[in-house]
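Heads up: the structure comes next, in structure tokens.
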Amino acid sequence: MFDFKNASNKERKKEYKRIANEIGDDQFFTKKELKYLPEILMENEQVLAFSSGVMDGNTWLITLTNERVIFLDKGILYGLKQTTIDLEKINAISGSTGLVFGKIIINDGYTERQIKNVWKKTVRLFTNKVQEAIEAKKSKRGASQAVNEESGYEKLEKLASLRDKGIISEEEFVIEKKKILELS
């Protein structure tokens, strides 16, 4: 796991180059944004892919992490524009390509973001990686819910064990049993 927040500039550049080669982006128009990216990443957040394109008349870096999609525009004169979409909130992602450029559309149910003039070769790879990250996030969340959720039977079994060991009284057992049965 690469630590973007604590890596040196040289290490980050090497990792950005690896990701750029994998996805097909040239990093040419987004060097300022890539330099700023580690400052807004959360602890243990991993950059999975990035691309660039035009949105709202400006060139934006779109970055996929294991948690969200980040849009960054570091302007020459006006500072930084930034917006994010958590992976759980993405309803749809699609792409289309022309001769040289393509378009990526990300919909979160509230807003549709269209990123145009994306390098053709990155459109399919980026959209596929977003889909994979969404699925990974869902399966991770589902697995942790399954671990955290006990069936009513398992809860009753533990409760009976506590009663049998004398840790709780028969009266406490009956009260807690009633609560478990009502929730099941």
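Some values worked out for this structure:
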| read-out | value |
| --- | --- |
| Asp164-Ser139 FRET efficiency (beta carbon distance; Förster radius 30 Å; 0.05 resolution) | 0.20 |
| Gain on full stretching of the segment that runs from Lys81 to Asn117 - 0.36 nm per residue minus C-alpha separation | 11.1 nm |
| Contact order relative to length of the chain, as percent, for alpha carbon pairs under 8 angstrom and 6 or more apart | 15 percent |
| Sparse-neighbour loop sites [chymotrypsin sites (Phe, Trp or Tyr not before Pro); the range 65-106; at most 15 other C-beta within 10 Å; DSSP] | Tyr78 |
| Between the range 158-184 and the range 94-146, the Cα center-to-center distance that results, in Å | 48 Å |
| Å² of accessible area per residue within the chain, as computed with a 1.4 Å probe and no ligands counted | 63 Å² |
| Extreme residue, positive dipole direction of the chain, given options Ser51, Leu159, Thr65 (C-beta unit charges) | Ser51 |
| Anisotropy class of the range 15-94 from Cα gyration tensor, a/c 1.5 cut | rounded |
| Contour minus Cα-Cα distance for Asn21 and Thr97 (0.36 nm per residue) | 25.4 nm |
| The chain: calculated mean residue ellipticity at 222 nm from DSSP helix runs of at least 4, using -39500 (n - 2.57) | -14500 deg cm²/dmol |
| Magnitude of the charge dipole, the chain, Cβ model with Lys/Arg +1 and Asp/Glu -1, debye to 20 | 1120 debye |
| Lys32/Glu154 FRET efficiency (R0 45 Å; Cβ-Cβ; nearest 0.05) | 0.25 |
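The values are calculated or read from the model by the stated rules, or taken from the named source; none is laboratory data. Only a predicted model underlies this, so the values are computations on that prediction, with no experimental measurement involved. Every residue, glycine as well, gets a Cβ built from its backbone with ideal geometry; the counts of neighbours run over all protein chains shown. For the accessible areas, the whole protein counts, side chains as well, though only heavy atoms, and no ligand, DNA or RNA atoms are used. Shrake-Rupley method; radii C 1.70, N 1.55, O 1.52, S 1.80 Å.
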